[in-house]
Structures are given as structure tokens and as C-alpha cells.
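Worksheet: one structure, shown below.
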Amino acid sequence: MAGANNDIFVLQSSGLFDDVIDGVAPNTSFYANDVEYKYVYYLVDCIYLEWATLVKTLSCPDDEKILYYKKKQESERKDVERAFGVLKKRWSIIAQPSRILEKSKRRNVIYTCIILHNMILEKSGRAFCAESYNEGNQPTNSLLTYAQKEVIQASIRDRDTHLKL
């Protein structure tokens, strides 16, 4: 339906967390304020739902440490928005709905565009860093039961964890 594809609807119907729910995502646990968080989080703006995996910008920082965190978080969000802008402008990816039905093929197309863009930046001397990432720590057991997947999905969307983080 026209107008129904807002950010929240797209998030709820997307496969963004499929790898986490299926148990095949890399281990991304981290500690904040001496609390362990098991799943990766995404930096979002204020319109998104209060899920454990979505961290919003703090609206009214009241000290220097929180203000510093807010500036860093907004900077990272801008970097991601620029990356999507490159995908849309340079490669005409995500500018219109995909005709590719398989999630793995869509992912490979996006990764290919990102790699090509990084190669162009590196060749022109405008690369940001020379880091490489090792994908060798992928979990091997992806045979989770339906009940286990429901528990993971509930923990991803947990509002209390969101508020603590």
C-alpha cells in the first residue's frame, strides 16, 4: 500500500536480524556499564521502536561525557547515511525495489558495491583506514528450534534492555 513503507514497518518486515535469530551471526557481545549485551546494536534516530538492539541518540545530554558520546554516535550515524548515499548514487542500489528475491544474492550485491567503492577510494588515496576484517568466527551450529528462535527474537525487541543500554 502506498505510504505504508515507513522506517518502522520496513524494519519489522526486514531480514535485518535473521542471522541473529537463526543463530548464524558472529558473536557480537559487548559490555557497557558492567552489563553484558549479547547482540549487536544499531544507532538510530528517535522515531524507532525501543528495542534492545536499537540505540537512540540521547536528547538532552547533561554532562561532558554524555555530550561526547552523543557527538560520536551522531558521527557514526552520518557515516552510515553517507554509505547508503553512495550505494544509491554511485551504484543505483537501494534507489528502487530489488528484483532479486534471494536474501543471500541481495547481500552479495550490496557487499560487492561496498568493496568496489572501497577499492576506488583506496586507489585514489582517499581510503579511511587499512583495516581488514576476519569472518572466521562464524558460528557453525545453526540448528535452533522454533522456541529458541522466539526467545532470541523477544530479547532483540526487549524494551527494558533498550532503556538500560
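The values are calculated or read from the model by the stated rules, or taken from the named source; none is laboratory data. Keep in mind that what you see is a predicted model, and the values were worked out from it rather than measured. For neighbour counting, all protein chains shown are included, and Cβ atoms are generated from backbone atoms with ideal geometry for every residue, glycine included.
For L58, the conditions (1) over 25 Å from Q148 (Cβ atoms); (2) touching a residue at least 24 places away in the same chain (Cβ under 8 Å); (3) among the hydrophobic types (A, V, I, L, M, F, W, C); (4) surrounded by 12 or more Cβ atoms within 10 Å (Cβ to Cβ) are fulfilled apart from (2).
In the range 16-69, what residues are on the phi > 0 side of the Ramachandran plot and either of a type outside the set (S, T, N, Q) or outside any loop (DSSP other than H, G, I, E, B) (or both)?
Kept after step one, since they are on the phi > 0 side of the Ramachandran plot, are these residues of the range 16-69: 23, 33-34.
Once the filter is applied, which keeps residues that are on the phi > 0 side of the Ramachandran plot and either of a type outside the set (S, T, N, Q) or outside any loop (DSSP other than H, G, I, E, B) (or both), the range 16-69 yields G23, D34.
Might you check whether a residue that is surrounded by fewer than 13 Cβ atoms within 10 Å (Cβ to Cβ), of a type in the set (G, A, S) and either modelled with pLDDT of 80 or more or closer than 30 Å to S59 by Cβ (or both) occurs anywhere in the range 134-144? So far as the range 134-144 goes, no, none of its residues is surrounded by fewer than 13 Cβ atoms within 10 Å (Cβ to Cβ), of a type in the set (G, A, S) and either modelled with pLDDT of 80 or more or closer than 30 Å to S59 by Cβ (or both). Only residues that are among the small types (G, A, S) and under 22 Å from K164 (Cα atoms) were counted across the range 8-52, and they come to 3. With respect to the conditions (1) closer than 22 Å to L116 by Cβ; (2) under 13 Å from the mean Cα position of the chain (by Cα), Q96 lacks only one, and its number is (2).
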